[in-house]
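Laboratory data are not the source of any read-out in this text; all were calculated from the coordinates shown. Just so we're clear, the structure is a prediction, and the values are computed from it rather than from any experiment. Heads up, the Cβs are rebuilt from the backbone with ideal geometry, glycines too, and the neighbour counts pull from every protein chain shown.
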Amino acid sequence: MSESASQNGRPAGTSASIPITGHSIGPAIGALYQLAMRQHLHGRRWIAMLLLALLPAIIALITRGTDPFASPAAMEFGLIFMLIPQGLLPLLALVYASGVMQDEQEDQTLTYLFIRPIPKWLIYLVKLAAAVTAAEILSVMSIALTYAAIFHGVHGTDGKAAQIFASCLIACAIHGLAVLAYCGIFGFMGMVTRRVLVVGILYIALFEGLFANIPFNLRIVTVIYYARLLIYRLLPFRGRLGSGVHSTAARTWNLVIRGDRHLKAYPHNWLCITMLLSTCIIAALLAAFICNNREFYVKTPVKTD
Amino acid sequence: MVGSITRSPEIKPVIAFHDVSKWYGDVIGINKLTLDIMPGVCGLLGPNGAGKSTLLQLATGQLCPSQGRVEVLGETVWNNSAINRYIGLCPEQDALYEWMTGREFITCCARLAGCRKRAADAKADELLELVGMTTHANRVVRGYSKGMRQRTKLAQALVNDPQVLFLDEPMTGTDPVARRDLLEIIHRLALKGTTILVSSHVLYEVQTLTENIVLMNHGRLVAQGSIRQIRDLMDQQPHRIVLVGRNIRSLAAKLLEYPDVAGVHLGPDGLSLVAQTPRPDEFYARLPSLALSGPWTIDEVYSEDDNLDAVFHYLVDK
């Protein structure tokens, strides 16, 4: 350690020996999380995402208003188990997670984070956690309001309140896992490409839209596949409008249930949950590693020769 | 390198660059730089694109050297966030969290630096007072002028009471009052023992802060030392002396006859010339007789080398 440093009261040590003491890294992490949440929950982007999250509920209200005989179960399936996981959740995750570092880099405020005593990998993980929180808040809000819009005041559902509430909770939990996985993936994408929105939308359209709906093994690399298996198994009374092989969910999602109504040939629930969680964790750790070792230019270099 | 500072061998450098290069693809930002910055205030001078900001970003661990090693307080800075407890940076870019108030911004930075909420609030009050922003502290940053932004950026750099402070063009775009205030604050910090490296392309700003300067151009170290030392180095090189008068073209032809005149350039106005001479004493001694010996007049004589501007331009143009 340099003499000048010792004179100024720094702790003694050699290279990389300056400790990050527990009492001060905690407030820093808390402040970073709070800052990131404030960034997510204000401004035009927040309003746009809020409107997007309200869309399924608005569609439900319009449908009920225009078609008094609309089936609540069909609306539930179409909006909560088709539109939300396939359209809304990936978009929410893409918008929030892809900009974990890129937004601040573009705003040139990243410097104010990097000159603090918080390792870059931790900055990434804390900001990703805030992005996940924001996306989860909107996801839960969207699901709950859509359930309310579908079932509130519908004749014949009075005695099924607990059942509907349970379905709502299960939907929130499964979609919550999907949001986690999506956030991990899009956060990682944001770390490896500058055109993350384009790449992310292509990913959503190709993988989560196209590949997930065709009965080839390719769909095992999609998030929505595992979410659908969980939904089918945990909410059969909602996902399956018909009986046996006529299940709407199975037919729509290309799940072969002939002779295998419980999808025993497909990944088990615990594997589905593990896949969704591990996707998030692995992608987040990889991205944190990249974040720690790459440079973030906040100013375009001027050519000097 | 033209020159280097002489110093006591016992004092260790606070900031040290060891054979550091930094490339941005095929663009070179810093070229084989070896540099020691000692405690105190040091001015980092160079034109736009000289590599000043790159140097500061390397010194604050935001960039990784392509080659060589950068140390601050004896520690390698790249990927060493712990060193950030002891350093502060006032960046060049004006960006702040635009939706925050000035007070919220400083409090947030203090908390990011590890202060608890109450301590961060107190620190924000103290620093806003120091930089003269108390009255504007509750305004949203989006409406701040350039000078107010510079003050706020300086305040955020001080939230951790840094031992080493990096200021990247802190006076750019400020009005005279803000400039005076910022200079005063930097002076006070220096008196408290903070090592300060301040970059600028405006020379007189730095001249009022310190005698110690580092001159950079094209990513290279051009010179380092006190302004006086650099002036001494200049004495080994041709001086540039300006003569203003009438019939200056014939005077230029006459000057070229003398062996101590290395070159003469006519001014664009046709009323002045710049003579280069390695022996200024002989040149000045000859001037009285020369003024009376031809069809010209010499109304004004001055050296282009009398200010730091000249030193700087002389060295970087070399």
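Worth pointing out:
- Counting only residues at least eight positions apart within a chain, or on another chain, the lysines with an alpha carbon under 29 Å from that of B:LYS254 are B:LYS318.
- Across chain A, the relative contact order, built from alpha-carbon pairs under 8 Å that are at least six residues apart, equals 23 percent.
- When you work out D = kT/(6 pi eta Rh) for chain B at 20 °C and 1.002 mPa s, using the Kirkwood radius from C-alpha pairs as Rh and the Stokes-Einstein form, the result is 98 µm²/s.
- Electrostatic dipole magnitude of chain B [Cβ: Lys, Arg +1; Asp, Glu -1; Cα centre; debye, to 20]: 940 debye
- Per residue, the average separation of C-alpha pairs within less than 8 Å and at least 6 apart gives the stretch B:97-151 a relative contact order of 48 percent.
- Charged-residue dipole, Cβ positions (Lys, Arg, Asp, Glu), the protein assembly as shown about Cα centre, Debye nearest 20: 2780 debye
- Among the listed pairs B:LYS117/B:LYS192; A:LYS127/B:LYS153; B:LYS32/B:LYS52, those with a Cα-Cα distance over 21 Å are B:LYS117/B:LYS192; A:LYS127/B:LYS153.
- Range of Cα positions in the stretch A:152-196 per principal axis (Å), largest first: 52, 16, 7
- Sites listed here are trypsin sites (Lys or Arg not before Pro) in the stretch B:119-150 whose DSSP assignment is loop and whose Cβ has at most 16 other Cβ atoms within 10 Å: B:ARG139.
- The radius of gyration of the Cα set in the protein assembly as shown, together with its Dmax, comes out at 33.2, 118 angstrom.
- Entry for the stretch B:21-120 at q = 0.15, 0.20 Å⁻¹: log10 I(q)/I(0) = -0.76, -1.14, Debye formula applied to identical alpha-carbon scatterers, no solvent contribution.
- For the stretch A:117-225, trypsin sites (Lys or Arg not before Pro) are listed when DSSP marks them as loop and at most 15 other Cβ atoms sit within 10 Å of their Cβ; the list is A:ARG194, A:ARG195.
- Computed over the stretch A:86-155, the P(r) curve from all C-alpha pair distances, binned at 10 Å from the origin, holds 18, 37, 23, 13, 7, 2, 0 percent per bin.
- Column: log10 I(q)/I(0), Debye, Cα scatterers of the stretch A:28-293, q = 0.10 Å⁻¹: -0.53
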